[in-house]
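What follows is calculated from the coordinates using simple rules that are stated; it is not laboratory data. From a predicted model like this one, the values you see are computed outputs, not experimental measurements. A quick note on method: Cβ atoms are made from the backbone with ideal geometry, for glycine too, and the neighbour counts reach across all protein chains shown.
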Amino acid sequence: MRKARKARALEGGCACGAHRYALTATPLIVHACHCRDCQRLTGSAFVINIWIEPEFVKTSSPEPASYRLRGGSGAPHDVFFCATCGTYLWSRYGRGTKSLFVRAGTLDEPDAVTPDVHIFTRTKLPWVVLPPDARVFKSYYKMAKVWSPESKARLRRLVAR
């Protein structure tokens, strides 16, 4: 699994600067999601989501605004955004999910992370060319086979809380 290139905290925020954050741990995993929902929400070919525990997303701003959507599976999907400029900062998928999925494009240095996996590539736009060594899944994947032991342990601790 590829990790963030820099040892220091990754920082980011919205377009207008009202919301700033720092990620104080490495991601559990980084997804490039090619599903239709992510294409619609980003207005792009895919989204790059940094899956991380909320305690490692340090903000000095008030909680961003949120909106509940229905994902492709029918499960709720909460998106968090700046109420001033509308930048989507992160999401929380499904009922009871404690993890955050931070939009890598909101990092000050978005090239500091690279996708560990490309998911829902069955709806990948045909002109998107993935690297030959990319881990690619037509839908989702089995976490036990893909995640590092460290990330699996961190997620178990989060779920146990």
Among T106, L10, H118, the residue whose Cα sits farthest towards the positive end of the charge dipole of the chain, when +1 is placed on the Cβ of each Lys and Arg and -1 on the Cβ of each Asp and Glu, is H118
Mean-position separation - Cα centroids, the stretch 14-72 and the stretch 104-161, in angstrom: 13
Which of F81, F120, F137 moves most in a GNM of the chain, Cα contacts under 10 Å? F137
At 222 nm, what value in deg cm²/dmol follows for the chain if DSSP H runs of at least 4 each add -39500 (n - 2.57) and the sum is divided by all its residues, to the nearest 500? -4000 deg cm²/dmol
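In square nanometres, what is the average projected area of the Cα convex hull of the chain?
Details: hull surface 37.9 nm².
About 9.5 nm², averaged over all directions.
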